[in-house]
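Visitor: The structure is given below, and queries will be raised subsequently.
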Number of protein chains: 2
Amino acid sequence: MSIKSAEIICVGTELLMGQTLNTNSRFLARELASLGIPSYRQIVVGDNYDRLYEQIKESAGRSDLVILTGGLGPTTDDITMGVAADVAGKELVFDEESFNNITEYFRRLFRNMPKNNRKQAMLPEGATILKNNNGTAPGAMFEYSCPTTEDPDRVVHFVLLPGPPSEMSLMFTNEARPILEKMSDSKFITKFVHLFGIGESAAAERISDLIDAQTNPTIAPYASEGECMFRVTQRVDNGEEEKDLITPILDVMKERFGQCIYEIGDRPLKQVAYDLLLEKNKTVCFAESCTAGMVSSEFVDIPGASQVFMGSVVSYGNKVKTNLLGVSDDVLENLGAVSRECAQEMAEGARKLLGTDIAVSITGIAGPTGESAAKPVGLVYLAIADEKGTDVIEVHLSGNRSRVRHVAVLHAFNLIRMRLS
Amino acid sequence: MSIKSAEIICVGTELLMGQTLNTNSRFLARELASLGIPSYRQIVVGDNYDRLYEQIKESAGRSDLVILTGGLGPTTDDITMGVAADVAGKELVFDEESFNNITEYFRRLFRNMPKNNRKQAMLPEGATILKNNNGTAPGAMFEYSCPTTEDPDRVVHFVLLPGPPSEMSLMFTNEARPILEKMSDSKFITKFVHLFGIGESAAAERISDLIDAQTNPTIAPYASEGECMFRVTQRVDNGEEEKDLITPILDVMKERFGQCIYEIGDRPLKQVAYDLLLEKNKTVCFAESCTAGMVSSEFVDIPGASQVFMGSVVSYGNKVKTNLLGVSDDVLENLGAVSRECAQEMAEGARKLLGTDIAVSITGIAGPTGESAAKPVGLVYLAIADEKGTDVIEVHLSGNRSRVRHVAVLHAFNLIRMRLS
């Protein structure tokens, strides 16, 4: 049994009303791509019986796999499980194990289970139950016999996942994906080449010959905020011999991009910085002004961060810069908080105060308005201090407040990478 | 001519592959809601002639307005304008004004116009051209005569917008929206009721009588991480008298939820905390352990945060807790860093160190693994200290590392709200 096409249906009036950003479709689309399952449509539809029924029917008519998210909650609004079961002609039956998991979930939180949560244990007969380790709603995977004249034995697979992204992604990864992997017809080998310090179009131009000549592997550039990435994907059909077509492409890219490549793989920039700190046995702290804790907070996303990260000072007000970090009044008065000198004194002060091997500081103008013509929005100074001394860089970032802060965070991690590699 | 239903079609293989997050659908969905145009479906489809043609036909068969984004670029991949024109039975004709705008766009950037950009000036005959002030691709609005047996004069409106969000949103707002406003048949008045400290199902149960009885206004619950919200929406048809049906519903909700309601409107919890600090003329700082700067960083998302926020200490390592915040060795050794007493000493130490009116501390176990049976993942202590003394709360949060930290951040803002309101 193999799956040749898929579509994703996200159910929820909050998506239709534009209250929620649809991150589930992106997550699932990436997963399908990595499974080698072509996906041709993504659909959002509200919590409305008729429209949802019609949509599931329609999707099942053209795709072998239909993944649905949302509408598995305990309220009367939440109808996805029932509608999908109706399409497939299956009854909902009480699943004791799921019910026990839901009860246990509330017990762990020291809360009483509301009566209506019992509904979430009503699942299609014969379905494979997908456990939810992050919430109450179990998911389900089941088949819908949907014959066509060409294929009288045609079977469509339904995968139902909860709407909250943290529940959905965990359930898909742990429960649904392993089953789908066994059904896929061909596989894709993908390498991600991550760059920092070069824009998307400049990067694409530098390897335009490779991009123009692509067949297999395919090379797709894409930009996220402040970074740039190429996906290099080789398709291997089942039964076909597996030759390595990716390495020659990577070699050319390494030669052309040099130090701009910070990772060939999956590690984000902060993980690269973390791994270098761990490898070189160095501790780090941050002194943050415009980023205001974002560097530290993102760094601590890495489990085990405590091995290298001691703490930080968020010196938003100038008094904190002087009193805690020892930035001189002279610098603040004459050069300002957003200056090369202030960045340097912040890093050196933090390193001393927190007693780490390395300190990185960030001070800049995130907006919405600039200080002056000489200090516009996007001007950021970063410093890195260690036992050998202090380096300061000046960067000019484009975009709004949130983007300026985000890209400044990346620069902080990149400073660590450049210093240690 | 009035529009009773709409759907949104976003065109692009990068969306289907999960490389790009679909923010256009959310933007357009919000706009449609505010125009009082019900939108029943959002669809993503790739740059493929047959599938796109079929999709536009299908959408036009059931909705009066079909908004398409993406695929208006200069490359051969970009086919949306041609396909939509084919569905509507219109020829593409050269539009001189659009061509001049494209030429002018390149001139302003001191660049030569590549030859293939001429294609973007080929637009459906008789279409209303939508100007692009932010890029090269013009949009278009045109009609498709699509009779049904019930309505032999049925006309469907197509709106075609470029894919890049900054071009799309500007073009929609300036060019398309004014035209649609004149066509709309009714409007919606919506209030959002935001709650903290109660789960979605418990909240829905508490007003199940209102939810069961809903017709107009409608009441829809939904949960985001750690929070819960109800959307109360009243529909007012054109010509109908505008009575306030929402206030009576809100009054019942206020009575049932009491202090759990932190906002009726659009302000996130942190903004409510910020506004209270500003109003009461209080300054604040944070001492963060497991959240590691996330509280500070999110607080600073609010422009003008510097009026009340001085700075923070991220005390990730225990040495920072003792050396900077003055947490006693006794507490750390005997009760541990995740304890009621440590939270209290962190808040009091930070308040003293940073000289603010109020200090909030957070210490907890974000995971992935717990410390012991008595200190499982999700156990978090928060303290708030001011001149009247210090309060500590203990919370048990579910979910993974990222969710625990996120919800802990919300608790920190909620502590400020409860103390000041």
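Visitor: Has region B:294-302 got at least one residue that is aromatic (Phe, Trp, Tyr) and not in a loop (DSSP other than H, G, I, E, B)?
Guide: To start, the set of residues in region B:294-302 that are aromatic (Phe, Trp, Tyr) comprises B:299.
Restricting the remaining residues to those that are not in a loop (DSSP other than H, G, I, E, B) gives B:299.
Yes: one or more hits.
Visitor: For region A:348-393, which positions are of a type in the set (Asp, Glu) and under 20 Å from A:LYS270 (Cα atoms)?
Guide: A:ASP357, A:ASP386, A:ASP391
Yes/no matrix, rows are residues, columns are (1) among the polar types (S, T, N, Q); (2) farther than 18 Å from B:GLU200 by Cα; (3) out of contact with any His (no Cβ under 9 Å at 6 or more places or on another chain):
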position	(1), (2), (3)
A:PHE106	no, no, yes
A:MET113	no, no, yes
A:ASN117	yes, no, yes
A:ALA121	no, no, yes
A:LYS131	no, yes, yes
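Visitor: How about region B:57-67: which of its residues are charged (D, E, K, R) and either under 15 Å from B:LEU160 (Cα atoms) or at the interface with another protein chain (Cβ under 9 Å from one of its Cβ atoms) (or both)?
Guide: Looking only at region B:57-67, we keep the residues that are charged (D, E, K, R), and these are B:57-58, B:62, B:64.
If the condition is that a residue be charged (D, E, K, R) and either under 15 Å from B:LEU160 (Cα atoms) or at the interface with another protein chain (Cβ under 9 Å from one of its Cβ atoms) (or both), then B:LYS57, B:GLU58, B:ASP64 are the ones that fit.
Visitor: Is region A:29-42 home to any residue that is touching a Ser or Thr at 6+ places or on another chain (Cβ under 9 Å), part of a helix (DSSP H, G or I), among the acidic types (Asp, Glu) and in contact (Cβ under 8 Å) with a residue 40 or more places away in the chain? Lay out the reasoning, then the answer.
Guide: Quick first cut of region A:29-42, residues touching a Ser or Thr at 6+ places or on another chain (Cβ under 9 Å) only: A:29, A:31-42.
Keeping just the survivors that are part of a helix (DSSP H, G or I) gives A:29, A:31-35.
If we keep only those that are among the acidic types (Asp, Glu) as well, we get A:31.
If we keep only those that are in contact (Cβ under 8 Å) with a residue 40 or more places away in the chain too, we end up with A:31.
Looking for residues that are touching a Ser or Thr at 6+ places or on another chain (Cβ under 9 Å), part of a helix (DSSP H, G or I), among the acidic types (Asp, Glu) and in contact (Cβ under 8 Å) with a residue 40 or more places away in the chain, one finds at least one in region A:29-42, hence yes.
Visitor: Can you work out which of the residues in region B:184-193 that are at pLDDT below 90 and touching a helix residue (DSSP H, G or I) at 6+ places or on another chain (Cβ under 9 Å) is surrounded by the fewest Cβ atoms within 10 Å (Cβ to Cβ)?
Guide: Among them, the one singled out is B:ILE189.
Visitor: Out of region A:29-45, which residues are at the interface with another protein chain (Cβ under 7 Å from one of its Cβ atoms) and not charged (D, E, K, R)?
Guide: Residues satisfying the conditions are A:ALA29, A:ALA33, A:SER39, A:TYR40, A:GLN42, A:ILE43, A:VAL44, A:VAL45.
Visitor: Quick one: is A:VAL338 over 22 Å from the mean Cα position of the chain (by Cα), in contact (Cβ under 8 Å) with a residue 60 or more places away in the chain and either at positive phi or not assigned by TED's automatic domain parsing to the domain that holds A:GLN214 (or both)?
Guide: No, not satisfied.
Visitor: Collect the residues in region B:226-244 that are surrounded by 16 or more Cβ atoms within 10 Å (Cβ to Cβ) and either touching a Phe, Trp or Tyr at 6+ places or on another chain (Cβ under 7 Å) or of a type outside the set (Gly, Ala, Ser) (or both), keeping them in residue-number order. Reasoning before the result, please.
Guide: First, the residues of region B:226-244 that are surrounded by 16 or more Cβ atoms within 10 Å (Cβ to Cβ): B:226-236.
Result: B:GLU227, B:CYS228, B:MET229, B:PHE230, B:ARG231, B:VAL232, B:THR233, B:GLN234, B:ARG235, B:VAL236.
Visitor: On to the next question. Can you report the number of residues in region B:267-279 which are crowded, with 17+ Cβ neighbours inside 10 Å and under 29 Å from B:ALA213 (Cα atoms)?
Guide: Residues flagged as crowded, with 17+ Cβ neighbours inside 10 Å and under 29 Å from B:ALA213 (Cα atoms) within region B:267-279 amount to 1.
Visitor: Here's another thing I want to ask about it. Filter region A:57-74 down to the residues that are surrounded by fewer than 24 Cβ atoms within 10 Å (Cβ to Cβ) and either under 14 Å from B:GLU7 (Cβ atoms) or β-branched (Val, Ile, Thr) (or both) and list them by number.
Guide: Residue satisfying the conditions is A:GLU58 alone.
Visitor: Could you list all residues from region B:353-369 that are surrounded by 22 or more Cβ atoms within 10 Å (Cβ to Cβ) and out of contact with any Lys or Arg (no Cβ under 7 Å at 6 or more places or on another chain)?
Guide: Residues satisfying the conditions are B:LEU354, B:THR356, B:VAL360, B:SER361, B:ILE362, B:THR363, B:GLY364.
Visitor: A further question follows. Report yes if some residue within region A:17-27 is crowded, with 21+ Cβ neighbours inside 10 Å, part of a strand (DSSP E or B) and either within 8 Å of chain B (Cβ to nearest Cβ) or touching a residue at least 40 places away in the same chain (Cβ under 8 Å) (or both); otherwise report no.
Guide: yes
Visitor: I'm told B:ASP212 meets every condition in (1) touching a residue at least 24 places away in the same chain (Cβ under 8 Å); (2) in a helix (DSSP H, G or I); (3) facing another protein chain (nearest Cβ under 10 Å) except one. Can you identify the failing condition by its number?
Guide: It fails just one condition, (1).
Visitor: Of all residues in region A:30-64, how many are modelled with pLDDT of 95 or more and closer than 19 Å to B:GLN19 by Cα?
Guide: Number of matching residues: 4.
Visitor: Then there is this: Suppose we filter A:ALA350, A:ALA343 for residues that are among the hydrophobic types (A, V, I, L, M, F, W, C), more than 13 Å from every other protein chain (Cβ to nearest Cβ) and surrounded by 23 or more Cβ atoms within 10 Å (Cβ to Cβ); which single one remains? Show your work before the answer.
Guide: Values: A:ALA350 fails: more than 13 Å from every other protein chain (Cβ to nearest Cβ).
Residue meeting the stated conditions: A:ALA343.
Visitor: Tell me yes or no: at least one residue of region A:242-250 is in a helix (DSSP H, G or I) and over 26 Å from B:THR20 (Cβ atoms).
Guide: Within region A:242-250, one or more residues are in a helix (DSSP H, G or I) and over 26 Å from B:THR20 (Cβ atoms).
Visitor: Regarding region B:162-176, can at least one residue be identified that is under 30 Å from B:ILE129 (Cβ atoms), within 11 Å of another protein chain (Cβ to nearest Cβ) and touching a residue at least 24 places away in the same chain (Cβ under 8 Å)? Full working, then the answer.
Guide: Restricting attention to region B:162-176, the residues satisfying the condition of being under 30 Å from B:ILE129 (Cβ atoms) are B:162-176.
Checking the rest, the ones that are also within 11 Å of another protein chain (Cβ to nearest Cβ) come to B:166.
Those left that are additionally touching a residue at least 24 places away in the same chain (Cβ under 8 Å): B:166.
Yes, that holds for at least one residue.
Visitor: I want to confirm something. Restricting to region B:200-209 and keeping residues that are at the interface with chain A (Cβ under 7 Å from one of its Cβ atoms) and under 23 Å from B:PRO268 (Cα atoms), which single residue is surrounded by the fewest Cβ atoms within 10 Å (Cβ to Cβ)?
Guide: B:ALA202
Visitor: While we're here: Name the single residue, out of those in region A:215-225 being polar (S, T, N, Q) and away from every other protein chain (no Cβ under 14 Å), that is surrounded by the most Cβ atoms within 10 Å (Cβ to Cβ). Steps first, please.
Guide: At the first step, the residues of region A:215-225 found to be polar (S, T, N, Q) are A:215-216, A:218, A:224.
Narrowing the set further to residues that are away from every other protein chain (no Cβ under 14 Å) leaves A:215-216.
Working: A:THR215: 7, A:ASN216: 9.
So the residue we want is A:ASN216.
Visitor: Another one. Return the pair list, or none, for Cβ contacts closer than 9 Å from residues in region A:362-386 that are within 25 Å of A:ARG419 (Cα to Cα) to residues that are aromatic (Phe, Trp, Tyr) and assigned to a loop (DSSP other than H, G, I, E, B), at least 6 apart or on different chains.
Guide: Listed by first residue and then by second, the contacts come to nothing, as the list is empty.
Visitor: Right, another one. Take A:ALA121 and tell me if it is touching a Ser or Thr at 6+ places or on another chain (Cβ under 8 Å), modelled with pLDDT of 95 or more, more than 18 Å from A:ILE67 (Cα to Cα) and assigned by TED's automatic domain parsing to the domain that holds A:MET171. Outline the logic, then answer.
Guide: On the way: touching a Ser or Thr at 6+ places or on another chain (Cβ under 8 Å): yes; modelled with pLDDT of 95 or more: yes; more than 18 Å from A:ILE67 (Cα to Cα): yes; assigned by TED's automatic domain parsing to the domain that holds A:MET171: yes.
Spelling it out, A:ALA121 is indeed touching a Ser or Thr at 6+ places or on another chain (Cβ under 8 Å), modelled with pLDDT of 95 or more, more than 18 Å from A:ILE67 (Cα to Cα) and assigned by TED's automatic domain parsing to the domain that holds A:MET171.
Visitor: I would also like to ask the following. Mind listing just one residue for me: the one in region B:264-296 that is under 18 Å from the mean Cα position of the chain (by Cα) and not basic (Lys, Arg) and, of those, farthest from the other protein chains (Cβ to nearest Cβ)?
Guide: Once the filter is applied, the top-ranked residue is B:VAL272.
Visitor: A further question follows. What about B:GLU54, is it farther than 26 Å from B:PHE192 by Cβ, of a type in the set (Asp, Glu) and either within 13 Å of chain A (Cβ to nearest Cβ) or crowded, with 20+ Cβ neighbours inside 10 Å (or both)? Give the derivation first.
Guide: Values: farther than 26 Å from B:PHE192 by Cβ: yes; of a type in the set (Asp, Glu): yes; either within 13 Å of chain A (Cβ to nearest Cβ) or crowded, with 20+ Cβ neighbours inside 10 Å (or both): yes.
Criteria met by B:GLU54.
Visitor: Moving on. Could you grab me the full set of residues in region A:353-407 that are in a loop (DSSP other than H, G, I, E, B), more than 31 Å from the chain's Cα centre (by Cα) and within 12 Å of chain B (Cβ to nearest Cβ)?
Guide: A:GLY355, the sole residue that qualifies.
Visitor: Select the strands (runs of 3 or more DSSP E) contained entirely in region B:64-142, then report the ones holding at least 2 residues which are more than 20 Å from B:VAL11 (Cβ to Cβ).
Guide: Correct list: B:92-94.
Visitor: When you scan region A:252-266, do you find a residue that is surrounded by 17 or more Cβ atoms within 10 Å (Cβ to Cβ) and at pLDDT below 85, even just one?
Guide: Looking for residues that are surrounded by 17 or more Cβ atoms within 10 Å (Cβ to Cβ) and at pLDDT below 85, one finds none in region A:252-266, hence no.
Visitor: Sticking with this structure for a sec: For residues that are within 10 Å of chain B (Cβ to nearest Cβ) and part of a loop (DSSP other than H, G, I, E, B), tally how many sit in region A:309-330. Even if it seems obvious, please write down each step before you answer.
Guide: Step one: of region A:309-330, the residues within 10 Å of chain B (Cβ to nearest Cβ) are A:309-321, A:323-325.
If we keep only those that are part of a loop (DSSP other than H, G, I, E, B) too, we end up with A:316-317, A:324-325.
Within region A:309-330, residues that are within 10 Å of chain B (Cβ to nearest Cβ) and part of a loop (DSSP other than H, G, I, E, B) number 4.
The values are calculated or read from the model by the stated rules, or taken from the named source; none is laboratory data. Remember, predicted model here, so these are calculated numbers, not experimental data. Backbone-built Cβ (ideal geometry, glycine too); neighbour counts: all protein chains shown.
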